[in-house]
């Protein structure tokens, strides 16, 4: 095992990345080497953990989380990554403090960063907001470091914004890598990222956008499917097309779940709200016309109802490669007859893949650790080599 | 001191328990050796702490708490146990995540467990619910380990359910052991577990049930007293009777506080809601008839009012062995003229025993640590021996 | 650098303080040596941190926070200090527990302290309450230690009460020390602690009181300015006068911002509510007449409106020494045209000093660490010497 880990460390040390002290907010802004470095560091930390070896990159310092939306998986993943790295977890509960927008973001960003190594942010509720907020926090702590306010600059971790969900998509990629044996083996594989019916409203676009923006870079055949009107943000769709071309893969947009599933190796059926609706929602909120929000929600749910047939059924699964495509989901899924009357996926399909969706989720803490290590250390490979060599047990005292 | 600790470690290492990787949810399901192993490990950790020796069983990993009811003592005890064991504390605030019943318990249980060594749960509000929930979480993470989803399986700690409150009752037992010198010395001692009047409604049954289910196993003379109608769950009362018989002790149910106090060595006067009312309450909640809950509460409080004389007064204390029985309470107590107009105990009685009730509570973090060590380590005695031998100071740097 | 740190440690070890096991609740109750010891320990910890050296005074144990008011800066400073010291952070969320006043403060204080090294408390909302509460907690854990309930006694940290805000004022003093080179250099410097207009109501008195009560002890020329009626608590104002006299400084109260600013080296313009209003507010709250609170607020805001000209403008800044006085603020400031329509300070003035206010805030975690070390260790200098000698890196594994 130690031999395998050594080989991964060698691969990591050979990469030239731009990750040190630079924030990884959107996968499509990062180089291929950056992506591989995060994946490798994540895999190494996971192997060390499973070998029972501790990885205390820090002996003190804070890992701060800011959740502007509910979360279970990501919240616990972040806490786990903090624990792996030896950091003290501190949640920035905005109701317990007095954070406002505008002028004070740079102030707050510095105030919470004096001894902070990483700030994880979820801000996915409003189109045009989350990513902008993260950039502003990132710029603010850059200024803080430059001007001597901060002794070090925390890494900003995107725990889901309006555009991307990189810790999810990278964990998903790690899951594919494990399932198919290597990144190379993903070449030519067809992945169907398709809309699915859900009785709930306003699910973010960041997961489907994250998937098409990332999987298109590994020579995969990406099929994006949704009912007419349920578009994603056009600039990201455009990027996915360009990536596919550059990586020797394919990218298509279709309006039929069946077409997307046909001969697919992987299916990712998941609901989202149309971009136009999400934009309208943000406008109403900004202009204070919250009274009209209820109408918008009603309209959106009524639209959804016309596409109840967008469900990942046993019949549809039969259309996939040998009827055995890998089913993926970021969880929780809307399961027909289980978590709702009718939803994204048939109960029998979900149950067959249930444990595999758990494994899919399992990689998230390590992906976050991989991002932290690459951002905070100039030579993450050297540090990981040290952990391997020291081999201090993570349990059983010392 | 080190000699005393060594002797405790020797005793622990001689015990054959079924605790490793198995959850301790109800004391009456555990063997005598299991109970003694938890007590011994707790005592050793407490002695090491008081000697200023650190006990970092883990170097990373999470201790997750799920509180479905308010808590001060248990919340802080759990945080303290986590700190003693070297774990990162993470509270599962259900309002900040989206936990539902049914299908999703197994999902959530796995999602919060990827790097988790212990999950502490308080779920004591509804008869028929708390214990079932804990069992489901326990089964879920067993599946997770078996199927390779989890790298390790967290211990499930019952921090109070509808049936038992084992960290309380074990801490109470530890208090008795210290007060009377040994477990052996408890043989033949009379303990009065009696209902007492409180102006508040719906106090859980788990403390009195936990006390009679545990103390009956050590040859004690257990007297359970309550006004007619204030029954506990019948299967647990039955078990207490069987345990008393087997251990050479006695068990009686009486309907007079005076009878219970007569010649008692220990008194534990505490309010609870009648089992039948608690069952009715669960039924109303399940059928959605929450409108009727107010009526039920009114009726219950009216019933309580008829038993205002069930108060632990100076006069009653005089009936106990030499008038000096040990007064116990899990805190907070309803103290007449202090925390309420009329309550469970007279102010002068409580004040005389106040500091002893604090000491009673003090054992809880160590009991939790004892449960964690026995669950997570095959040879907890060996690990504790290592801590003693290494004797690394827990303060003052290293 | 190590030479500088050694010299600071030598200075610290030469001081005779009363800080060990004694709580530092109000700066004016502490000796000069006490103040210097906290400053020195804070400076040493900060230097060690910036040198990348870890300072784990504890290997386990809790740092408990109780916030009875919102907080960002102090909350994160406390978490940072806990992390620096190696403690597990635990917030006492009173909504999640059942804390009441009176009898139960001593109970709760002990219940949360079994493995606790420090309790940080913010309780600044009501005149006559916060400091009393802290004293009660302090007395309670003293009893707990004395009676054998607690294995150790946590330090009580005043994170802002109705009277003083010592972690703020000490951090401010540290900022002045750095800005002017030494405490000695502060002698004769004029500091204007002045009221300023704010559109919000009920800001605590503890910051201005903390400033005049502390800065008057270092030979400074303290000018306290406010509109008629906006008095502070008279006993603290009296103390400031006495301190100034004893330290060879000056203390004056004026009713003009201009007079205070004239030739000032330092200005600290900040809003507060008049003492008489705050007293009235407490009375109404205690007597349950909360309906009248709205009227009081209206009246207070109407009063404020008459003093809109109390703003720290460019024009006023020109009156200060060479037009270049150091502007200070505890943050967040009410900035005209930025965080409010009209407020305490002009946008251009604030912007010029913005990064310096961040640096002012930066010292807080270290001041808290300095207080913890002096309270919990008999020989904090010896411990810090050990950290310096061991020089274990705080990042990069070990």
Discussion item. Suppose the filter is over 25 Å from residue B:377 (Cβ atoms), within 14 Å of chain A (Cβ to nearest Cβ) and touching a helix residue (DSSP H, G or I) at 6+ places or on another chain (Cβ under 7 Å); does residue B:106 pass it?
Written reply: yes
Worksheet, complete the sentence: Here the qualifying pairs (Cβ atoms under 6 Å; residues six or more apart or on different chains; first in region C:323-340 and closer than 21 Å to residue A:110 by Cα and within 11 Å of chain A (Cβ to nearest Cβ); second surrounded by fewer than 18 Cβ atoms within 10 Å (Cβ to Cβ) and at pLDDT 95 or above) come out as C:335/C:347; C:338/C:347
Practice prompt. Kindly indicate whether residue A:81 is within 11 Å of chain B (Cβ to nearest Cβ) and in contact with a helix residue (DSSP H, G or I) (Cβ under 7 Å, 6 or more places away or on another chain).
Written response: yes
Item to complete: Would you confirm whether any residue within region A:35-51 is within 24 Å of residue B:111 (Cα to Cα) and in a loop (DSSP other than H, G, I, E, B)?
Response: yes
Item to complete: Filter region C:68-77 down to the residues that are in a helix (DSSP H, G or I) and either at pLDDT below 95 or within 22 Å of residue C:129 (Cα to Cα) (or both), then identify the one that is farthest from the other protein chains (Cβ to nearest Cβ).
Response: C:74
Practice prompt. Select from region B:199-229 the residues that are in a helix (DSSP H, G or I) and either touching a residue at least 40 places away in the same chain (Cβ under 8 Å) or not assigned by TED's automatic domain parsing to the domain that holds residue B:333 (or both) and list them in ascending order.
Written response: B:206, B:207, B:208, B:209, B:210, B:211, B:213, B:214, B:215, B:217, B:218
Fill in: Qualifying position, being over 20 Å from the mean Cα position of the chain (by Cα) and closer than 24 Å to residue C:36 by Cβ, among C:229, C:248, C:210
C:248
Worksheet entry | Selection status of residue A:113, facing another protein chain (nearest Cβ under 10 Å), at negative phi and touching a helix residue (DSSP H, G or I) at 6+ places or on another chain (Cβ under 7 Å) | yes
Worksheet item: residue B:202 is checked against (1) within 18 Å of residue B:251 (Cα to Cα); (2) out of contact with any strand residue (DSSP E or B) (no Cβ under 9 Å at 6 or more places or on another chain) and fails just one. What number does that condition carry?
Response: (1)
Response to the item:
Reported set for region B:54-67 where residues are away from chain A (no Cβ under 11 Å) and under 13 Å from residue B:85 (Cα atoms) is none
Worksheet entry | Scope region A:93-103; condition more than 8 Å from every other protein chain (Cβ to nearest Cβ) and either closer than 25 Å to residue A:58 by Cβ or modelled with pLDDT of 95 or more (or both); matching residues | A:93
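Let's see how each residue does on (1) in contact with a helix residue (DSSP H, G or I) (Cβ under 6 Å, 6 or more places away or on another chain); (2) in contact (Cβ under 8 Å) with a residue 60 or more places away in the chain:
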site: B:5; (1), (2): yes, yes
site: B:12; (1), (2): yes, yes
site: B:15; (1), (2): yes, no
site: B:19; (1), (2): yes, yes
site: B:35; (1), (2): no, yes
Worksheet item: Going by the conditions given, is residue B:20 surrounded by fewer than 23 Cβ atoms within 10 Å (Cβ to Cβ), in a loop (DSSP other than H, G, I, E, B), at pLDDT below 95 and more than 10 Å from every other protein chain (Cβ to nearest Cβ)?
Response: no
Worksheet item: Picking from A:47, A:29, which residue would you name as being surrounded by fewer than 21 Cβ atoms within 10 Å (Cβ to Cβ) and within 15 Å of the chain's Cα centre (by Cα)?
Response: A:29
Worksheet item: If you take the residues of region A:368-381 that are touching a helix residue (DSSP H, G or I) at 6+ places or on another chain (Cβ under 7 Å) and either under 10 Å from residue A:12 (Cβ atoms) or not assigned by TED's automatic domain parsing to the domain that holds residue A:24 (or both), which of them is surrounded by the most Cβ atoms within 10 Å (Cβ to Cβ)?
Response: A:370
Practice prompt. Starting from residues that are part of a helix (DSSP H, G or I) and out of contact with any helix residue (DSSP H, G or I) (no Cβ under 8 Å at 6 or more places or on another chain), keep the ones in region C:382-392 and report whichever is nearest to the other protein chains (Cβ to nearest Cβ).
Written response: C:386
Worksheet item: Any idea how many residues of region C:255-283 are free of Cβ contacts under 8 Å to residues at least 40 places away in the same chain and farther than 24 Å from residue C:199 by Cβ?
Response: 2
Item to complete: Keeping to region C:23-33, report how many residues are in a loop (DSSP other than H, G, I, E, B) and in contact (Cβ under 8 Å) with a residue 24 or more places away in the chain.
Response: 4
Practice prompt. Residue by residue through region B:257-314, note down the ones that are surrounded by fewer than 20 Cβ atoms within 10 Å (Cβ to Cβ), modelled with pLDDT of 95 or more and not in a loop (DSSP other than H, G, I, E, B).
Written response: B:258, B:259, B:314
Worksheet item: Taking into account only those residues within region B:52-67 that are out of contact with any helix residue (DSSP H, G or I) (no Cβ under 8 Å at 6 or more places or on another chain) and part of a loop (DSSP other than H, G, I, E, B), which is farthest from residue B:111 (Cα to Cα)?
Response: B:52
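The values are calculated or read from the model by the stated rules, or taken from the named source; none is laboratory data. Because the structure is a prediction, the values reported are computed rather than measured. Methodologically, a virtual Cβ is constructed for each residue, glycine included, from the backbone with ideal geometry; neighbour enumeration extends over all protein chains shown.
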